[in-house]
Amino acid sequence: MAVPPLVLLPGHMADAGLWAHQARHLAELTSVAVMDLTRHDGLAAMAEAVLREAPPRFALAGLSMGGYLAFEIVRRAPGRVERLALLDTSARPDTDEQRERRRRFMAMGERGELDAVMRAYMPLFVHPDRLQDRALVGGLEAMARRLGATAFLNQQKAMLGRPDSRPGLAAIAQPTLVLCGRQDALTPLAMHEEMAAAIPGARLVVVEDCGHMTPLEQPQALTAVLRYWLQG
């Protein structure tokens, strides 16, 4: 069976740098495209932009915010998505506490305090043992600076307005991978267990010694799992 083209959806304040290892090594199997998710402030507009740029049929992998967007794409164009990978994400909408934190961070972003926002996010983003890893943390901070405050506010608005995707999980017909880091503090394992239980035939994979940023914290492990998923 032919391996479909791969479309990768970054997480919040991440660009192609998030997927560097996966894009390089999976290009041996198929074409790989990393989408720009900075230009729109709603998931609907993001999804339409991705669908305009994506191949006619493709495998879709999204991390965190990219996972929220993957649900929207599958709702809009299920016939175009051959395989689905939901990585360190959730089908749930924000809690009241998360909405309050998001609004607080948006106010900081509007004041030009993006570096402070990223520092506040970091304990949620990476494994506790990696907080002093300057290559990892510095890389995440550099991506955020490259994208800037406008992208930050667009993405926060899009996530704030996202729907509850749980009612549609049972209708997902694509072969689906659900994966997370064991120590993901932002979208914990229980959320992935919930998705995997509700999506028919979904496979749950847990990456050990890893937080929320699986593509950067455990790149070899994630690439190996995605290779297996792509080849069916």
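Before moving on, here are some points about what is shown:
- Ala197 vs. criteria touching a strand residue (DSSP E or B) at 6+ places or on another chain (Cβ under 9 Å), outside any loop (DSSP other than H, G, I, E, B), modelled with pLDDT of 95 or more and small (Gly, Ala, Ser): yes
- Within the stretch 66-116, restricting attention to residues that are in a loop (DSSP other than H, G, I, E, B) and in contact with a Phe, Trp or Tyr (Cβ under 7 Å, 6 or more places away or on another chain), the residue that is farthest from Thr214 (Cα to Cα) is Ala91.
- Of residues in the stretch 1-37 being free of Cβ contacts under 8 Å to residues at least 24 places away in the same chain and not in a helix (DSSP H, G or I), the one surrounded by the fewest Cβ atoms within 10 Å (Cβ to Cβ): Ala2
- Filtered by the rule that a residue be part of a loop (DSSP other than H, G, I, E, B) and not charged (D, E, K, R), the stretch 200-232 gives Pro200, Gly201, Ala202, Cys210, Gly211, His212, Met213, Gln218, Gln231, Gly232.
- Boolean, Arg227 is without any contact (Cβ under 8 Å) to a residue 12 or more places away in the chain, out of contact with any strand residue (DSSP E or B) (no Cβ under 9 Å at 6 or more places or on another chain) and not aromatic (Phe, Trp, Tyr): no
The values are calculated or read from the model by the stated rules, or taken from the named source; none is laboratory data. Values in this document were obtained by computation on a predicted structure and should not be read as measured data. Don't worry about glycine lacking a Cβ; one is built from the backbone with ideal geometry, like all the others, and counts go over all protein chains shown.
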